[in-house]
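Colleague: Submitted below is the structure of interest, expressed as structure tokens.
The values are calculated or read from the model by the stated rules, or taken from the named source; none is laboratory data. This structure is a prediction, so every number in the text was calculated from the model and none was measured. Neighbour counts are summed over all protein chains in view; Cβ atoms, including those assigned to glycine, are modelled from backbone coordinates with ideal geometry. Accessible surface areas use protein heavy atoms only, side chains included; no ligands, DNA or RNA. Shrake-Rupley method; radii C 1.70, N 1.55, O 1.52, S 1.80 Å.
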Amino acid sequence: MNAVKQIASAVRDAGYRVEAVVSNYSFADVLADDNPTRTVQLAAFTRTPPSYRSAALAVVDGEGRQALDVVSENRVT
């Protein structure tokens, strides 16, 4: 089992509903000038349907980049 699957399993074990744990979740980055669509490997939400308002955590592959850069790129405030 890879790390993303292990995290998804742990999140569900922590009480998140199956439909609130989404693989390959895409979202519009409305704060960026060009409004790109970003995708994270896994996202968990406190409510459904999934929304940035109920996003609790995300799993991304940093691909060797600095953690702060990866977080800044995927964070919606």
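Colleague: For the range 35-77, which whole-number percentage of the solvent-accessible area (1.4 Å probe, protein heavy atoms only) is attributable to carbon and sulfur atoms? Don't skip to the answer; put the middle values down first.
Modeller: Values: 1440 of 3040 Å².
Of all accessible area on the range 35-77, carbon and sulfur atoms account for 47 percent.
Colleague: Counting only heavy atoms of the protein chains, get the accessible area per residue of the chain (1.4 Å probe) and round it to a whole Å² value. Show your work: numbers first, answer last.
Modeller: Values: 5510 Å² over 77 residues.
With the other protein chains kept in place, the chain gives 72 Å² per residue.
Colleague: Starting at the first residue of the range 56-62, write each ³J(HN,Hα) from the Karplus equation 6.51 cos²θ - 1.76 cosθ + 1.60 with θ = phi - 60°, in whole Hz, x for Gly and Pro.
Modeller: 9, 7, 9, 10, 10, 8, x
Colleague: May I pose another question? For Thr48 and Asp61 in the same chain, what is the full-extension length gain: residue separation times 0.36 nm, less their Cα-Cα distance, in nm?
Modeller: 2.2 nm
Colleague: Over all directions, how big on average is the projection of the convex hull of the alpha-carbon atoms in the range 13-77, in square nanometres?
Modeller: On the way: hull surface 19.4 nm².
Directional mean of the projected Cα hull area for the range 13-77 stands at 4.9 nm².
Colleague: Nothing charged except the Cβ atoms of Lys and Arg (+1) and of Asp and Glu (-1): what's the magnitude of the dipole of the range 1-65 about its Cα centre? Round to the nearest 20 debye. Intermediate values should be presented prior to the final figure.
Modeller: Numbers: 7 positive and 7 negative charges, 65 e Å.
In total the dipole reaches around 300 debye.
Colleague: Expected output is a single nm value to one decimal: the length gained when fully extending between Gln41 and Leu68, i.e. 0.36 nm times separation in residues minus the C-alpha distance. What is it? Mind showing how you got there, number by number?
Modeller: Numbers: separation 27, 0.36 × 27 = 9.72 nm, distance 1.74 nm.
Computed gain between Gln41 and Leu68 is 8.0 nm.
Colleague: For a Förster distance of 22 Å, can you work out the FRET efficiency between the beta-carbons of Lys5 and Ala28, rounded to the nearest 0.05? Show your work: numbers first, answer last.
Modeller: Working: r = 26 Å, r/R0 = 1.20.
For R0 = 22 Å, the calculated efficiency reads 0.25.
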